[in-house]
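Every number here is computed from the coordinates shown, using simple stated rules; none is lab data. Quantities reported herein were computed from a predicted structural model and do not represent experimental measurements. Cβ placement follows ideal geometry from the backbone for every residue including glycine, while neighbour counts extend to all protein chains displayed.
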Ligand code: BGC
């Protein structure tokens, strides 16, 4: 592919200034099939004879700089006798601010090959070269953090495209799922804020863009700025976007103007209307939700409206942050593939939606960007300026994305291929830890993120107060165990890693004799570190009770906390945390009006004041990982064999809810587990597509596929 095509660019390539490449061609024979192959350094938007080609938003997606995926589009039906192919290219993820302010030396560029097979079986190819024309586009500016500026009256000079050299070996086939427009939302209200601003409220913090239509005069302006939250007075607030301007500007032509952005996206619930040719009404505008095209597979419903809203927020958090890569957040000047966030959320993600292909693609980039010594950059894809492959720094949990995520994809979907692909990377990662730790069989003395954003952080720190070497060593142990298990699954020597895991466990037990924080106790229980689980579980339970049924955990402790409790006889305390309504808790944010998951437990206090502007996202999915506890523990659905080929269903009902139900649409079919109070009794409705062990009140029922009531 692309043997005869050249990379082309505009001779005056300017950062953030999109270029429109065009090629006219005539066809005088019948066409049987025409396939257009495209990729770019930057993001591209293809148009044939005035119509958009395909529906991949921000193609070719976001990958390691070591590769770029190309896409194929069947355009047979779009062709005419005389044709005009136009491809707009912007900087996208490739250049500039998204790389933390570093503009790349390589200009944005396009490469394309149109393969035509005629009905008489002859063939032809149209490839990018200097015969293509290059224009500066009416889209005058496009940058992912700052937004777009479009001038519908702008006319550009035409020049021939410039051919540049860039290695074509980096071009690979499309591996991920396409990012697509998913749904449209009308504003639920349009109002004047106390300070006079006109604000549109879409009722939902979402990721995507908008489409507007307006009858205007030439030179009229449409200008928007977006935000996630209003301040305590009800005014527009987006200081938490930091350096991301999150703006949109459009200059109208005479008549009807309809436009939606093509090379930018925003995370927002509100739009401030800075300028509009008329009084804006809901007939003028819609928000368009954009994310990777994943099939929805998981559903949770309960008798608690607040809990249902929490689940909806978790789903929206996933939609908003699964935009070709798993991002930390979709709004501020980050939107990066932070590995730790993906690690703690991947189980929930894999139950909510089918994310196997999504993660396979991202793990390919993780492998490509893995440092020579085995370290995993904390952001995947690696960005230009934070080049972790040379600094060799990897944080525990963040780096464990290399082991935990592929293993979870295997457990959820049952496919060993992902393990085969990832095996060498996992092994190298263990070697990296071994080479860098200060003390053998621990992971100690290295720079860590700790229990990131734990509420017990000492003042001025983000890292919680749990022992960082303990956290790192526990995850080292867990990764060694995963590698041992994966080795056995793949028929490789597992003994070496079993022995390693045993040694790490022994050393952790010798070194860390006491677990002082909620997170330390939760990890000691969940990862089978504690020898005397009963005592540790009681201690954890006591700590939570003494704290008024409230948690103090951060990114690392939170995903395991409820599991650690319910697996050790404290389900009711787990439910008390889940259903806690006052700060800090999941339902606190729901009661504060959250429509996604917040980065901080205290993103906004009861008075409506914000935690801080420097790191306060209202769409960060990490704490949404609590959903996997509801699927696996509260409703009790767990894979007994990878891929849910056989299943364990062990529901844990509570008096705190009238009913709770979960569905996971697995590769083997739909599993449902519902329990509800019926007078003094609890009834269970269970549906399984495979052999199941159902555990109710300590009794085991081994059943074949079917529907059961207990
Ligand atoms: C990101 C996090 C990330 C963290 C690690 C933050 O800025 O938003 O989610 O994991 O940095 O330090």
Taking every pair of alpha-carbon atoms in segment 647-709, give the share separated by more than 17 Å as a whole percent. 37
Taking only the alpha-carbon atoms of segment 241-367, the convex hull volume per residue, in cubic angstrom, is 164
Once normalised by the length of segment 562-710, the mean sequence separation of its alpha carbon contacts under 8 Å that are 6 or more apart gives a contact order in percent of 13
Helix-only [θ] at 222 nm, the chain, -39500 (n - 2.57) per DSSP H run of 4+, per residue, nearest 500, equals -7500 deg cm²/dmol
Express the relative contact order of the chain as a whole percentage, based on alpha carbon pairs under 8 Å and six or more residues apart in sequence. 11
Going from the fewest other Cβ atoms within 10 Å to the most, one would list 258, 519 as 258, 519
At q = 0.20 Å⁻¹, base-10 log of I(q)/I(0) for segment 530-664 (Debye sum, equal scatterers on each alpha carbon): -1.25
Give me the compactness ratio for segment 471-516, meaning the Cα radius of gyration over 2.2 N^0.38 Å. 1.25
Computed over segment 227-316, Kirkwood Rh from alpha-carbon pairs, angstrom: 16.8
Return the FRET efficiency for the residue pair residue 12, residue 295: r is the Cβ-Cβ distance, R0 is 35 Å, and the value is rounded to the nearest 0.05. 0.20
Under the 7 Å Cα-to-Cβ spin-label approximation, residue 3 and residue 502 lie apart by a distance in nanometres of 5.6
Viscosity 1.306 mPa s, temperature 10 °C: what is the translational diffusion coefficient of segment 166-235 from Stokes-Einstein with a Kirkwood Rh over Cα pairs, rounded to a whole number of µm²/s? 97
Degrees, to the nearest 10: 356-369 long Cα axis against longest axis of the chain: 80
Expressed to one decimal in nm², the mean projection of the alpha carbon convex hull of segment 96-220 is 14.5
Check: C-alpha center segment 240-261 vs C-alpha center segment 323-381, spacing in Å is 30
Stokes-Einstein D (µm²/s) once Rh is taken as the Kirkwood radius of segment 288-347 over alpha-carbon pairs, at 4 °C in 1.567 mPa s: 102
Using 0.36 nm per residue, how much length does the chain from residue 701 to residue 581 gain when fully extended, once their Cα-Cα distance is taken away? 39.6 nm
Starting from the exponent 0.38 and prefactor 2.2 Å, build the expected Rg for segment 298-634 from its residue count and divide its actual Cα Rg by it. 0.94
So for each of 277-286, 233-242 I average, over its residues, the number of other beta carbons within 10 Å; can you give me the resulting order with the highest mean first? 233-242, 277-286
Average Cα contact separation per residue, segment 7-174, under 8 Å, 6 or more apart, as relative contact order %: 35
So how long is each side of the chain along the principal axes, counting just the alpha-carbon atoms, biggest first, in Å? 78, 63, 53
Wrap a convex hull around the Cα atoms of segment 180-292, take a quarter of its surface area, and give that in square nanometres. 7.1
How would you rank 360, 514, going from fewest to most other Cβ atoms within 10 Å of each one's own Cβ? 514, 360
Cα-only Debye scattering, segment 399-515: base-10 log of I(q)/I(0) at q = 0.13, 0.15 Å⁻¹: -0.54, -0.70
With each pseudo-label sitting 7 Å past Cα toward Cβ, what's the residue 233-residue 66 distance in nm, one decimal? 5.2
Additional length obtainable on full extension of the chain from residue 572 to residue 545, 0.36 nm per residue less Cα span: 8.6 nm
How would you rank 660, 579, going from fewest to most other Cβ atoms within 10 Å of each one's own Cβ? 579, 660
Semi-axes of segment 7-174 from the Cα gyration tensor (sqrt of 5 times each eigenvalue, largest first, whole Å) come to 27, 18, 14
If you build the Cα gyration tensor of segment 122-169 and take the root of 5 times each eigenvalue, what three semi-axes come out, in whole angstrom, biggest first? 28, 17, 11
